[in-house]
1. Rank-order 341-349, 230-238 by packing density, defined as the average count of other C-beta atoms within 10 Å over each peptide's residues, highest first.
2. As a quick test, which of the pairs K179/K201; K143/K165; K297/K329 have an alpha carbon distance above 22 angstrom in this structure?
3. If you take the square roots of the eigenvalues of the alpha-carbon gyration tensor of region 286-368 and sort them as a ≥ b ≥ c, do you get rounded (a/c under 1.5), prolate (a/b over b/c) or oblate?
4. Of the peptides 63-71, 370-378, 82-90, how do they stack up when ordered by the mean number of other Cβ atoms within 10 Å, highest first?
5. Taking the Cα centre as origin and putting +1 on Lys and Arg beta-carbons and -1 on Asp and Glu beta-carbons, what dipole magnitude results for the chain, to the nearest 20 debye?
6. Within 10 Å of each candidate Cβ there may be at most 15 other Cβ atoms; applying that plus a DSSP loop requirement, which trypsin sites (Lys or Arg not before Pro) in region 379-433 survive?
7. Find which of V463, H399, F432 sits farthest along the positive direction of the dipole of region 376-496, computed with +1 on the beta-carbon of Lys and Arg, -1 on that of Asp and Glu, about the Cα centre.
8. Points 7 angstrom from Cα along the Cβ direction at R322 and V465: gap in nanometres?
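The values are calculated or read from the model by the stated rules, or taken from the named source; none is laboratory data. Quick caveat: nothing in here was measured; it's all calculated off a predicted structure. With ideal geometry, Cβ positions are generated from the backbone for all residues, glycine too; neighbour counts draw on all protein chains shown. Side chains are part of the model used for accessible areas, which takes the heavy atoms of the whole protein and leaves out ligands, DNA and RNA. Shrake-Rupley method; radii C 1.70, N 1.55, O 1.52, S 1.80 Å.
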Amino acid sequence: MERPHGITRRTTLGWLGALAVGSAAASGCEGPSAKSTSAIGDYNLTHWVADRGDSYLVGHRGVGDVFPEHSMESYQAAVDWGAQAMEISVGITSDNVLVCLHDLTLDRTTTLTGNLRTTTYDAVRDGWLDIPRLGPAWQNKAKIPLFEDVLRTFGGRVILCVEAKDDRAHGPMMSMIAKYGLETSVMLKTYFKSKRIIEAKGAGLGVFAYFTTPAEMTVEAIRTVASKLSPGTDAIVVPNSGPGGYLAPELADAAMATGLPVWPYPLHRRSDVTHYKALGMPGAVTSNIGYLLARTKVDVTDQWATGAVVPGELTRDPYDDRFAVGWGKDGTILLGAQKTQHFLTLGNLGPITAPSYSVEFQASYATLPADPTANLTLAFGHQDDAYYEHHLAAGNGYHAILQADGQLGLYAHRKGKAAGTKLATKKTAAPFRGEWLSLRLEVTPTHLTWTRLDQSAKVPPKVIVIDRAYRGGYLHIGRGSTDGVLALRGLKVSTL
């Protein structure tokens, strides 16, 4: 499992503060003595606004794409990778202990069940955060943190955008922030219709006012919330969803017309940041901050044997369990989503900059697709990490395929055209269920070569084309059918 690298001054302060105060007490909402509050930092909203410039990111659930959301491990990773601000969800137990959890219930993200507000802290403390899509390596590794621990570790070192998910937690949450003298180091995160906006502005707090769906974003609603906010301390936060996957231009324009900072959320891909930056949005809320800031390393092999998702390894929607990879043994993953294509963006292996390179991997059908022309695919030559699947018509590049009937093929695809352009094909033996296939792609400045290596022939079957249109960039791998289960292992990128 990859850990953050690169230690900033703020990260060092966080570690020192954590060591100084130790573990927070777990008794109700009680905190440490006033003596221990000296470890709290002095970084505040004024500092951040002055420092952040016109391109900045806010951590979403810490690093929710790759670490258990709202865990201390996830928050620490976000800070280690450069977060100057992150959003924090706060709930409350039946015995009035403040903890960090997104949902009102425990079912989705923990080993426990039921409502948080009817569960004692002792019971919460005995559970684990449990998000299977992140991989089996995270099983029984992260706990639900106390809000007080979060304040003592990160307060005054990064800006905390705090939200009480249960309204009963709001008063105790604000009292604890005041106890630590952190009023100038937090933003109140709240729904755009909330009465808390006026309260927060009256108390001199910054406000993170969010919309949850594009349908809510009428021009009137945008103007109404903007009238309550200030450009120097607040932000309008908008959903990253709509036609083509992005917020509709007219809604983005209406938000930008207010003159307030507008932050889309949650962003997962570098191409998402590029899109919204071009619209004039200076900030964004992301669940993959290390990858988006290029603070994570570029790998040359898959990391599937770690049993954990790594930064840049992206399904169609990293927060949606429908698209999660399955985890097999010995570094094998499974792409088995049904009634949809199932692709994985390999951002952790890109961008590839070498003029000549090869990609090798092994694949096997645990369940064959019903259509013999359905294929497994390696897409390459993409200049950004926008999601790829067949007939999406969203980008330029190539795709190398092996159909279920054994046909090898090289195709080009172009933005705006759903169908690919055939470059070359070759008939090979049809794969059978459970057989491991071995495939190799070679790219040079002039040639593309796609080879099947698991055949017994002295000369392995291959297709070769001369085409110079697209080079370098990002890789995608997946199953172009809407059924079947595809297993993958042993993927590596080599410079030729």
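1. Descending packing order for the listed peptides: 341-349, 230-238.
2. In this structure, K297/K329 exceed 22 Å between Cα atoms.
3. Oblate shape, in that a/c is at least 1.5 and b/c is the bigger or equal ratio.
4. Averaged packing, sorted descending, gives the order 63-71, 82-90, 370-378.
5. The dipole magnitude comes to about 1040 debye.
6. For trypsin sites (Lys or Arg not before Pro) across region 379-433 that sit outside H, G, I, E and B with at most 15 neighbouring Cβ atoms in 10 Å, the list reads R414, K415, K417, R433.
7. So the residue furthest toward the plus end is V463.
8. 3.1
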